[in-house]
1. Got a sec? Which residues in segment 239-283 would a label at Arg40 touch, if it sits 7 Å along Cα→Cβ and we count backbone N under 17 Å?
2. Looking at the square roots a ≥ b ≥ c of the eigenvalues of the Cα gyration tensor of segment 254-299, which shape do they give, rounded for a/c under 1.5, prolate if a/b is larger than b/c, or oblate?
3. Could I have the simple spin-label model distance between Val57 and Lys422, label points 7 Å from Cα toward Cβ, reported in nm to one decimal?
4. Would you mind working out the accessible area per residue for segment 48-136, using a 1.4 Å probe, and quoting it in Å²?
5. Note the full-extension length gain between Ala485 and Asp346 as 0.36 nm times their separation in residues minus their Cα-Cα distance, in nm to one decimal.
6. Show log10 I(q)/I(0) for segment 314-439 at q = 0.16, 0.17, 0.20 Å⁻¹, two decimals, from a solvent-free Debye sum over equal Cα scatterers.
7. With angles folded into 0 to 90 degrees, how steeply does helix 16-27 sit against the dominant principal axis of the chain? Use alpha carbons for both and round to 10.
8. Identify, among Thr67, Thr373, Gly299, the residue whose Cα sits farthest towards the positive end of the charge dipole of the chain, taking +1 on the Cβ of Lys and Arg and -1 on the Cβ of Asp and Glu, with the dipole about the Cα centre.
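The values are calculated or read from the model by the stated rules, or taken from the named source; none is laboratory data. All values derive from a computational prediction rather than experimental measurement. Virtual Cβ from ideal backbone geometry, glycine too; neighbours counted across all protein chains shown. Accessible surface areas use protein heavy atoms only, side chains included; no ligands, DNA or RNA. Shrake-Rupley method; radii C 1.70, N 1.55, O 1.52, S 1.80 Å.
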Amino acid sequence: MANDITTDILIIGTGVAGAIAGAKLAQKGLKVAFLESGKRIDRFDAVQTFWDAKIKVPESPYPNDPTAPHPLTHRIEDYYQQMGPENFKSTYIKVVGGTTWHWLGTTLRNVPADFKLKSLYGHAVDWPIDYDALEPFYLAAEQEIGVAGDSAEDLGSPRSGEYPMPMIPVTYLDKQVGKALEGTRFELRATPQGRNSVFHADRPECCGNASCIPICPIQAKYDATVHVKQAEAAGAVVHDQTTATRLNLGADGKITSVDFRRADGSTGTATGKVVVVAAHGIETPRLLLNSAQEGAANGVANSSDQVGRNLMDHPSKLSWAETPEPVWPFRGPLSTSGIENLRDGDFRKDHAAFRIEIANDGHAWPTGAPLSTAADLANSGLRGAELDAAIKDATSRQLRISSLVEQSPDAENRVTLDPDKKDANGMPLPRIHFDYSDYTRAGLDAAQQAHDEVFAAIGATNINHSPDIQGAGHIIGTVRMGKDAKDSVVDGDLRSFDHRNLFLLGSGTFPTSATANPSLTIAALSLRAVDAIAASVTQD
């Protein structure tokens, strides 16, 4: 075993959290090194892999190597060792740039009340910071990612500045749904998005490829390789196909080194004055728990016994119907508008909040349309011009909406290590216990009621609600931040309470899920932590 990586700041993970922080730290003149389990991805090759894939899921363009394994949407239990009562359904990938390769691009801020759920509504916990403390970093994160949005609409989250780009134009479908909802309790607004509406930051504007999930062919949509490149330009070094397997403690309680294993089977150790773990909400606790040793019998950073606990997602209610007149879906990004005015209110004393996403992909998610639509019509006996007209009519009237529902933090919803199954690096696979609280289930019921109201306002027919609770691809909690070391893993600066040179970045630190897609908040918190991380390099 060779100690062949020495640096000021060692960052584990190159997703949006690690990449943004690493770029800013390197630009300060600090020596930065990344450990990344996955490979570098060639965009052209990944697009071709997606086109060629027989099963098209969010992970299909990307490698799933034995030394960098990740969960697959259609074979979720191959990786997650599910213990019930519900299955955890959200996934991620391991590549340079992380899961932003296949994110949707939605960049909503949390609303101010999201930080004070306990104080305002008697539910869950408060964050150790409030909206005002994070607002300037939200603004900075929007500049770093390159967010296109309507600066005249704050969507319930007061702003101190404008978006760097004008909003992505809303679709014809959005306009028709918006007209139908006028005078109702539902306010349809353009969704801020981490994709270019104009040429920006040496990347082209969105041209509507409509494959945002799983891959943008032209990189109009932001992904974290943008900041990986910035970090490397400032002198940072990326060690790809290199998996961190254990954090080692010194007598003073600081992290002295990190063991790693490369894809070729070789091993080594890396040292940094400061260690940053930014490996997402499953892999971060998995690494910490796998680092149990003298002085950390339950795992590193786990004196509170909260590592791995409070796993959350945005459980989603999925509904679809047919509009009376054509709305022409299947054009533009997968979603360009949403209903955001249901994300807060006194109702949160009784049930979870939610936001409603209006989709541009017809019935693709629930039924596999438009191919399934064509197959069904052909199987009914239609042929030729009659079949063509029927396909046009059916697909032009498809509408799908989904609600992302706030999930309660629950200490029993947790990630632990499977005692029997290990990956090629010798690390135990994640074992997951997962369920939904009555509060969250009441929010899902309220979401379905709202969907029915939306469909009624539109005059929709053939209304369907999925009986299954869907995952949103948002992995939240497991290393929560807080004010007290007794019930939290990190403080408001994302520093471990137990080890002063260890920081944990990412949505795993969120005390509650709120309703916003998490990527912008991840970026804002990472930017906020940069100064504390930098200062720690020179601290004893």
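1. Taking a point 7 Å out along Cα→Cβ of Arg40, the residues of segment 239-283 whose backbone N falls under 17 Å are 239-243, 263-264.
2. Rounded shape, in that the Cα axes give a/c under 1.5.
3. The answer from the label model is 2.6 nm.
4. Values: 3490 Å² over 89 residues.
Result: 39 Å² per residue.
5. Extending this stretch completely gives an extra 47.0 nm.
6. Results for segment 314-439 at q = 0.16, 0.17, 0.20 Å⁻¹ read -0.88, -0.92, -1.05.
7. Helix 16-27 sits roughly 50 degrees off the main axis of the chain.
8. Ranked along the dipole, the leading option is Thr67.
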